[in-house]
Structure formats: C-alpha cells, structure tokens
1. Could you tell me whether any residue of the range 10-32 is in contact with a His (Cβ under 6 Å, 6 or more places away or on another chain) and either farther than 12 Å from A146 by Cα or not hydroxyl-bearing (S, T, Y) (or both)?
2. Of (1) surrounded by 17 or more Cβ atoms within 10 Å (Cβ to Cβ); (2) within 20 Å of S70 (Cβ to Cβ), D225 satisfies all except one. Which?
3. Can you find, within the range 60-82, the residue that is farthest from N19 (Cα to Cα) among those that are within 18 Å of the chain's Cα centre (by Cα), crowded, with 17+ Cβ neighbours inside 10 Å and at pLDDT 90 or above?
4. Got a sec? Which of A174, A260, A273 is small (G, A, S) and surrounded by fewer than 20 Cβ atoms within 10 Å (Cβ to Cβ)?
5. Considering only residues of the range 83-111 that are surrounded by fewer than 21 Cβ atoms within 10 Å (Cβ to Cβ) and small (G, A, S), which is modelled with the highest pLDDT?
6. Can you name the residue in the range 1-50 that is touching a helix residue (DSSP H, G or I) at 6+ places or on another chain (Cβ under 8 Å) and part of a loop (DSSP other than H, G, I, E, B) and is also surrounded by the fewest Cβ atoms within 10 Å (Cβ to Cβ) among such residues?
Amino acid sequence: MNVTIDDTSLALLCQRAENEAAGAPCGFMDQMTSVYGQPGKLLFLQCQGPQPRLQLVSLPAGLRLYALDSGVKHSVAGNAYSSTRAAAFMGRRILQRRLGTLISPWKCLAELEEGLVQSDQVLAHLPCEMSGKNFIEMYGTHDDPASLVHATATYSVRAATLHPVLENARVLRARQLLLWLQDSSTASPADREDALIALGSLMRQSHLSYSACNMGSAETDMLVDLVAQHGPAGDLYGAKITGGGSGGTVAVLAADSNTAREALRKVVSSYEASTSRTCVVFC
C-alpha cells in the first residue's frame with residue numbers, strides 16, 4: 001500500500017507517538033524542527049491554529065549559536081516537565097472559568113496579550129501554587145489529554161501559565177531583532193551591538209521564566225551565569241536552556257570570533273572544574 005504523508009503530518013504523528021507510546025507529554029517543536037530545520041537558520045514556529053505557521057530566519061552574518069551540553073540527563077517524560085505542562089493547562093482552565101468574558105475569544109495561552117496576563121485583574125485568579133486536589137474539586141479537569149492532574153501533587157500554576165504568554169512575546173521580539181540585523185547594513189556598530197544585547201536579554205528572561213516553572217537545574221543555571229559573566233565584552237551575548245529544561249543543553253548566542261571561542265573555553269573549564277561533569281560544545 002502506498003501512503004503519502006506530508007511533512008507537517010509526519011511531525012504531528014511523531015509527536016503522537018511520543019505522547020501515546022512513550023508517555024512523554026511533549027509538544028511538536030523538536031519534530032517540526034527535524035522536518036523543516038535548515039543549517040544556519042532559526043525556525044520560527046507558531047503553534048496555535050489548525051496548522052502551524054513556519055518561517056525560517058537566517059542567523060545574521062558574524063554570529064554563531066553554540067550548544068553547551070550540561071551532562072545532566074533531560075527527559076520530557078520526567079515529573080518536572082509533565083507537572084509544568086499540567087499546571088499551564090490548569091491555569092488556562094481557571095482563566096476560562098473566571099475571566100471568560102474578558103479574554104474571549106481565545107483558544108491557547110499564547111493568544112493572550114502580554115500586558116493583560118500580567119495585570120492585577122488576571123494575576124488575582126492565578127495562585128502561585130495549587131494542589132491537584134483543590135483544582136479537581138473546584139474545576140474538575142483540564143482539556144489536555146497528554147498531561148494529568150494528580151490529587152497529591154502541588155503545581156506552580158501562575159509561573160506555568162505566564163510562561164507561554166511571555167515566551168511568545170519574547171519570540172516575536174527576537175524575530176524582529178534578527179530580521180532587523182539582517183537588513184541593517186547601514187546601521188551603526190553601536191546600534192547593532194544594542195540589538196545583540198537586547199537579544200541576549202530576551203534569552204536570559206526566557207531562561208529565568210523556565211526556572212520559575214521548576215524546569216531549571218543548578219548545572220544549566222551555572223552555564224547561563226558563566227556566559228553572562230563574560231558577556232558582550234567576551235563576544236557572548238546571551239544563553240538559555242533549550243527544549244524541556246531540567247538539565248540538557250544551553251544555547252549560547254555569540255560572535256563568530258576568537259574572543260568568543262576563548263570565552264566559551266573558559267566557561268567550559270570553569271563549569272567542569274565546579275561540577276566534575278564533562279561539557280560538550282556543539283556549534
């Protein structure tokens with residue numbers, strides 16, 4: 001039998017296999033990147049809607065992305081990832097129930113406005129922590145089949161709910177900066193440096209937001225902090241955890257320069273001396 005499967009359907013089937021067969025409540029970022037990713041480009045991926053929106057954004061000339069493997073095993077089937085995903089859907093259900101008329105129509109958290117979700121009117125309804133038992137008693141369940149609410153667990157509802165909203169805003173700003181850097185041949189060196197520093201700041205905000213969701217680790221935090229210590233003076237502009245967090249790999253935005261390579265060498269040396277772990281660098 002001949003079966004034709006388009007690229008997006010293939011990625012979504014792979015996600016379904018992870019959700020249902022492997023028990024990993026992941027999204028489809030990795031799968032879509034595997035299908036559509038290209039060397040030297042970043043994949044802008046908008047997940048909401050019946051079909052994901054895709055755009056490849058070239059890494060501006062003179063920049064490189066490095067990946068620092070912390071040596072700490074990461075798993076999207078682990079408790080931290082599952083718990084954070086469930087907490088986000090718990091927050092979504094709470095907002096739908098409490099503020100439906102204010103925030104309707106919307107289907108996913110990323111559609112909410114950054115300012116609205118940080119307003120007192122919304123935050124007042126999002127508990128910093130909530131037990132699964134209390135949520136089930138008050139709201140029943142949420143509508144994500146890939147993650148369960150356990151009565152005996154405690155969930156960081158506010159941080160997990162805010163993260164996709166604020167992360168969406170950060171991604172949109174980062175894309176704008178990257179596109180400007182591509183087209184700014186007449187921009188001054190100072191303006192370009194400011195744009196790179198702004199990109200690095202967005203990366204750090206993203207990393208801290210993940211940590212607030214209990215998705216961080218001491219080792220990846222250390223790598224991000226070591227990169228920040230060298231900073232733009234060392235041609236290292238920013239760093240953040242990648243993927244599902246809780247270990248794994250840190251992405252670093254850097255200049256394509258000997259200064260940056262030497263700074264990264266020092267980052268790795270300091271990290272390995274402090275943790276007795278091997279840090280593998282990919283670029």
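1. Within the range 10-32 (the criterion being in contact with a His (Cβ under 6 Å, 6 or more places away or on another chain) and either farther than 12 Å from A146 by Cα or not hydroxyl-bearing (S, T, Y) (or both)), the answer is no, since none of the residues qualifies.
2. (1)
3. Per the stated criteria, the residue is Y66.
4. Matching residue, one of A174, A260, A273: A273.
5. For the range 83-111, the residue satisfying everything is A110.
6. I5
The values are calculated or read from the model by the stated rules, or taken from the named source; none is laboratory data. Fair warning: this is a prediction, and the values are worked out from it, not measured in the lab. Quick reminder, even Gly has a Cβ in these numbers, built from the backbone with ideal geometry, and neighbours come from all protein chains shown.
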